[in-house]
């Protein structure tokens, strides 16, 4: 039996974060949504289903995994927007065919190879409940992520859940300086090769702190749990990392960060506030870049999502910032800002609440960020981390540049 992780149409609610990745490769807690599913079924070979234009780069990043291919077999198909857990695993009987719904939404399906031919034309455009007519229906309880604020809202609890699954909490394998302060060390993990320098404070009284191998926490930095610091990342001198924050691999973070997710390979090195926000990959926030995450009238924050304004239902919501975004010094981001991929923002005043992909400028004027210049910058930035911008990546970036051209004209 194979495990198939698929997208549905809900990926569009996470744009611009899902322009360059399937929705199941978004992070929530320590792990991505995909990793939470695959760890529940370690004995199964994984098949990934995604939008067709993502297939080449997804296969490039996962050479040992089948992408948009269905060899004949029985399949457990799982929706990539589900926050998978042990309860859900126990609720699914992989020995009987059927579909599993939670409040009418497709969670999973167990199907045989005879049904695969009917899914071939639909698999990469987003599978939905109607694609599985005729199967017996079973009701289960499952948590979905519908919008970016769900990832942020669930993040503290997911850090706790993921840390427990990794079974290393309480171990300090790395170098923790004797003048560093650990509050509740039984709730702290420091991986091999990680370094916690003098006068750093790790306060795990309200939740675990999980620091991956090779990460560094510099002097006078404070991290309050639940928090996750990814492999090779650096928490700068005097940084203030509040609970509910995940910093992915190979990132550099300073200033004040609260209840935010930094996917990986992104920098917020300097002073400035980042709150209730999600940063994609290869983002660089200039010194004293700040975002607002609370409106002055204390009303729920709205964001421009998939072509319309949507209320988050929350008083606290910061920014959703796509991959390869750069901001200049003293950049100000409004409450609920959505910043498209490859945008370069600078200048005085608050930036627009919605910035289309490949934009260049600021509050006074936005023009198109020329593709050749954007790619040149990306190639240099990635090389600094010894990551190559491959032809498949450039092809993907060009596709999104063309796909978003009409949006830039509109705005």
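The values are calculated or read from the model by the stated rules, or taken from the named source; none is laboratory data. Given the structure is predicted, the values throughout are model-derived calculations rather than measurements. For neighbour counting, all protein chains shown are included, and Cβ atoms are generated from backbone atoms with ideal geometry for every residue, glycine included.
Condition check: under 20 Å from residue 255 (Cα atoms) and not assigned by TED's automatic domain parsing to the domain that holds residue 79. Does residue 154 satisfy that?
Details: under 20 Å from residue 255 (Cα atoms): no; not assigned by TED's automatic domain parsing to the domain that holds residue 79: yes.
So residue 154 does not fit the description; no.
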Residue within the stretch 215-226 that is free of Cβ contacts under 8 Å to residues at least 24 places away in the same chain, under 21 Å from residue 165 (Cβ atoms) and not in a loop (DSSP other than H, G, I, E, B) present: yes
Scope the stretch 116-136; condition closer than 16 Å to residue 78 by Cβ and modelled with pLDDT of 75 or more; matching residues: 127, 128, 129, 131, 132, 135
Residue 232 being assigned to a loop (DSSP other than H, G, I, E, B), in contact (Cβ under 8 Å) with a residue 12 or more places away in the chain and closer than 17 Å to residue 385 by Cβ: yes
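Given 271, 249, 256, which one is more than 22 Å from the chain's Cα centre (by Cα), assigned by TED's automatic domain parsing to the domain that holds residue 386 and modelled with pLDDT of 95 or more? Outline the logic, then answer.
Details: 249 fails: more than 22 Å from the chain's Cα centre (by Cα); 256 fails: more than 22 Å from the chain's Cα centre (by Cα).
The unique qualifying residue is 271.
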Selected residue (criterion: surrounded by the most Cβ atoms within 10 Å (Cβ to Cβ)) from residues of the stretch 301-312 that are assigned to a loop (DSSP other than H, G, I, E, B) and touching a residue at least 24 places away in the same chain (Cβ under 8 Å): 301
Test: residue in the stretch 173-185 that is touching a strand residue (DSSP E or B) at 6+ places or on another chain (Cβ under 6 Å), assigned to a loop (DSSP other than H, G, I, E, B) and surrounded by 21 or more Cβ atoms within 10 Å (Cβ to Cβ): no
Qualifying positions in the stretch 66-81 - part of a loop (DSSP other than H, G, I, E, B) and at pLDDT 95 or above: 80, 81
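If a residue must be free of Cβ contacts under 8 Å to residues at least 24 places away in the same chain and on the phi < 0 side of the Ramachandran plot, how many such residues does the stretch 373-398 contain? Let's see the steps before the verdict.
To start, the set of residues in the stretch 373-398 that are free of Cβ contacts under 8 Å to residues at least 24 places away in the same chain comprises 373, 375-376, 379-380, 383-384, 386, 388-389, 391, 394.
The next check asks that each one be on the phi < 0 side of the Ramachandran plot; those that pass are 373, 375-376, 379-380, 383-384, 388-389, 391, 394.
The total comes to 11.
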Residue within the stretch 27-44 that is at pLDDT 95 or above, surrounded by 23 or more Cβ atoms within 10 Å (Cβ to Cβ) and more than 16 Å from the chain's Cα centre (by Cα) present: no
Those residues of the stretch 192-217 which are over 16 Å from residue 245 (Cβ atoms) and in contact with a strand residue (DSSP E or B) (Cβ under 6 Å, 6 or more places away or on another chain), in sequence order: 194, 195, 196, 216
Unmet requirement for residue 151, which otherwise passes all of (1) farther than 22 Å from residue 293 by Cα; (2) crowded, with 20+ Cβ neighbours inside 10 Å: (1)
Number of positions in the stretch 259-300 that are buried (at least 22 other Cβ atoms within 10 Å of the Cβ), free of Cβ contacts under 8 Å to residues at least 40 places away in the same chain and assigned to a loop (DSSP other than H, G, I, E, B): 2
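Considering only the stretch 347-361, state which residues are surrounded by fewer than 17 Cβ atoms within 10 Å (Cβ to Cβ) and part of a loop (DSSP other than H, G, I, E, B).
We begin by selecting, within the stretch 347-361, every residue surrounded by fewer than 17 Cβ atoms within 10 Å (Cβ to Cβ); these are 347-350.
If the condition is that a residue be surrounded by fewer than 17 Cβ atoms within 10 Å (Cβ to Cβ) and part of a loop (DSSP other than H, G, I, E, B), then 347, 348, 349 are the ones that fit.
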Residue match in the stretch 8-23 (condition: assigned to a strand (DSSP E or B) and assigned by TED's automatic domain parsing to the domain that holds residue 141): no
